[in-house]
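**Student:** Can you keep this structure in mind? I'll have questions shortly.
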Amino acid sequence: MKFEFKRKILKNGMTVIFEKRNLPVVSVAFAVRQGGINEDVSEKGISHFIEHMLYKGTPTRNAKQIAEEIEKNGGELNGFTSEVITAYWCKMPSKHINVALSVLSDMVKNPLFDEKELEKERKVIFEEIKLYHDNPQRYVMDEIQKSLYSGTMGKDLIGTYETMKSLDRKKIIEKFRQVYTPNNMILCVVGNADFDDILKFAEENFGNEKGKILKQKFNLKNEIKIEKRKGVDQANLIFAYHVPLSSDKKSHAARVLGTLLAGGMSSRLFSEIREKRNLAYSVKGDSAITKDFAYNIIYVGTMKENVEQVKKIILEEFEKVAVELDERELKQIKEQLIGQYQISMEDSQLQMVNLLYYEIDKNAEDFYDFEKNIRGVKLEEVKNLAKLKEYSFFALVPE
């Protein structure tokens, strides 16, 4: 497939990336190269807090007007914070792209950080912390990262009650001014738009302020932990292991291995744990592979008494892959991954997120090399990665 992709770094340091689509829809995002990985342990959650506050109003738009300008023109408005990026996006009819650019740029340039709204939103985040804690599947996803890393990567992205209480308006504004500058920003557009018009808007609406984003230290570790809790009926467990960083070509083999083991209903572990032994309803995997950290996970929801058996099956399957994997099965998994990659491009909003993450890692254009990179994975690379030396394991089980 051929894609009309363009990328330019402006004189002020802002990166503009664009993929042309012929459908009358456009997805637009302003993002900053800041996430949880850039936060000191004492301020963990500040990126997410700032994200919430940018929807609360500017000198020319209150929160209701921000939402109305997008939604009354047929659009969707949202945002997200991850360990490596914070983004503000909308998806709307392409004829209204100027509305999207105007609203989003106003949000990222001119937030009020109103004191009353800040205190109200702090309470909202406290409720969000409770929500994640009370959702067992989400909770184990957060806890496994703590079993893989120390330092800031070993703290919840959303923050804690303690860090949220310590973040006053002064600290938040100071961090905003440090981070939300053109040289730290990415403007990403996917859809029916004109690249020159996008560049013109960015050049006319952003100055030359320079900011700095800090990288925090963290260390890799492996930990096994089982936590008991009243009020849950099912055991939720995560098995995780470190894999090569995205800068290493073996990271493509790690994606293949993750999909082979737990990528869908045809995967080895779904077949072994659910279909053959009826030990679980949900068996699934995922990968978090970046230039700074990388790991694969396997999630299983099962009965308390089955936890050790499931863990044993997972370890045995790694051993089998290291010995049994052949070219035929490898080819099937490659086709599965490439197909999923192609499907992910169908929706302009998902493609916008894809390009943002690749830009954060190095260069958005590398996204289009995915198929070539997966096809280039060697059998021995996958088999060698399956020879696990260490792993992390976390289970939340009924008391």
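The values are calculated or read from the model by the stated rules, or taken from the named source; none is laboratory data. It should be emphasised that the depicted structure is a prediction, and the values quoted were computed from it without experimental measurement. Cβ: placed from backbone, ideal geometry, glycine included. Neighbour counts: every protein chain shown.
**Student:** Step by step: first the residues of the range 165-204, then only those that are surrounded by 14 or more Cβ atoms within 10 Å (Cβ to Cβ) and assigned to a loop (DSSP other than H, G, I, E, B), then the one that is nearest to the chain's Cα centre (by Cα). Which residue is that?
**Tutor:** Only one residue tops the list, namely Y180.
**Student:** Residues S42, S47, S82: which one is over 21 Å from F201 (Cβ atoms), hydroxyl-bearing (S, T, Y) and crowded, with 22+ Cβ neighbours inside 10 Å?
**Tutor:** On the way: S42 fails: crowded, with 22+ Cβ neighbours inside 10 Å; S82 fails: crowded, with 22+ Cβ neighbours inside 10 Å.
Residue meeting the stated conditions: S47.
**Student:** Could I ask something else about it? Among the residues of the range 19-74, which ones are within 20 Å of A100 (Cβ to Cβ), outside any helix (DSSP H, G or I) and among the acidic types (D, E)?
**Tutor:** E19
Rundown of residues vs (1) under 20 Å from the mean Cα position of the chain (by Cα); (2) crowded, with 17+ Cβ neighbours inside 10 Å; (3) free of Cβ contacts under 8 Å to residues at least 60 places away in the same chain, yes/no style:
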site	(1), (2), (3)
F206	no, yes, no
K217	yes, no, no
K221	no, no, no
R229	no, no, no
H242	yes, yes, no
L245	yes, no, yes
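**Student:** Would you confirm whether any residue within the range 55-65 is buried (at least 21 other Cβ atoms within 10 Å of the Cβ) and among the β-branched types (V, I, T)?
**Tutor:** no
**Student:** Now, a different point. Answer yes or no as to whether E162 is part of a strand (DSSP E or B), exposed (fewer than 14 other Cβ atoms within 10 Å of the Cβ) and either at pLDDT 95 or above or assigned by TED's automatic domain parsing to the domain that holds Y341 (or both).
**Tutor:** no
**Student:** Now for a different question. Which number in (1) touching a Lys or Arg at 6+ places or on another chain (Cβ under 8 Å); (2) assigned to a helix (DSSP H, G or I) marks the one condition that D156 misses?
**Tutor:** The single condition D156 does not satisfy is (2).
**Student:** Name the one entry in A100, A87, A63 that is in contact with a Lys or Arg (Cβ under 6 Å, 6 or more places away or on another chain), assigned by TED's automatic domain parsing to the domain that holds G159 and either at pLDDT 95 or above or under 24 Å from D197 (Cβ atoms) (or both). Walk me through it before giving the result.
**Tutor:** Working: A100 fails: in contact with a Lys or Arg (Cβ under 6 Å, 6 or more places away or on another chain); A87 fails: in contact with a Lys or Arg (Cβ under 6 Å, 6 or more places away or on another chain).
Among A100, A87, A63, only A63 is in contact with a Lys or Arg (Cβ under 6 Å, 6 or more places away or on another chain), assigned by TED's automatic domain parsing to the domain that holds G159 and either at pLDDT 95 or above or under 24 Å from D197 (Cβ atoms) (or both).
**Student:** Let me ask something else about it. Considering (1) within 19 Å of F206 (Cα to Cα); (2) without any contact (Cβ under 8 Å) to a residue 60 or more places away in the chain; (3) charged (D, E, K, R), say which one R33 fails and leave the rest.
**Tutor:** (2)
**Student:** Would you be able to tell me the number of residues in the range 7-42 that are under 20 Å from the mean Cα position of the chain (by Cα) and among the polar types (S, T, N, Q)?
**Tutor:** Looking only at that region, the number is 4.
**Student:** What about R169, is it within 30 Å of L237 (Cβ to Cβ), of a type outside the set (S, T, Y) and without any contact (Cβ under 8 Å) to a residue 60 or more places away in the chain?
**Tutor:** Values: within 30 Å of L237 (Cβ to Cβ): no; of a type outside the set (S, T, Y): yes; without any contact (Cβ under 8 Å) to a residue 60 or more places away in the chain: yes.
So R169 does not fit the description; no.
**Student:** Restricting attention to helices (runs of 4 or more DSSP H) lying wholly within the range 293-399, give those where 3 or more residues are modelled with pLDDT of 95 or more and touching a Ser or Thr at 6+ places or on another chain (Cβ under 9 Å).
**Tutor:** On the way: elements: 307-324, 327-344, 348-361, 370-375, 379-385.
Correct list: 327-344, 348-361.
**Student:** Something else now. I'd like to know if the range 376-391 contains one or more residues that are hydroxyl-bearing (S, T, Y), touching a strand residue (DSSP E or B) at 6+ places or on another chain (Cβ under 7 Å), under 17 Å from S251 (Cβ atoms) and surrounded by 15 or more Cβ atoms within 10 Å (Cβ to Cβ).
**Tutor:** No, the range 376-391 has no match at all.
**Student:** Considering each of D156, D106 in turn, give the residue that is free of Cβ contacts under 8 Å to residues at least 60 places away in the same chain and buried (at least 18 other Cβ atoms within 10 Å of the Cβ).
**Tutor:** Details: D156 fails: free of Cβ contacts under 8 Å to residues at least 60 places away in the same chain.
One residue alone meets the criteria, D106.
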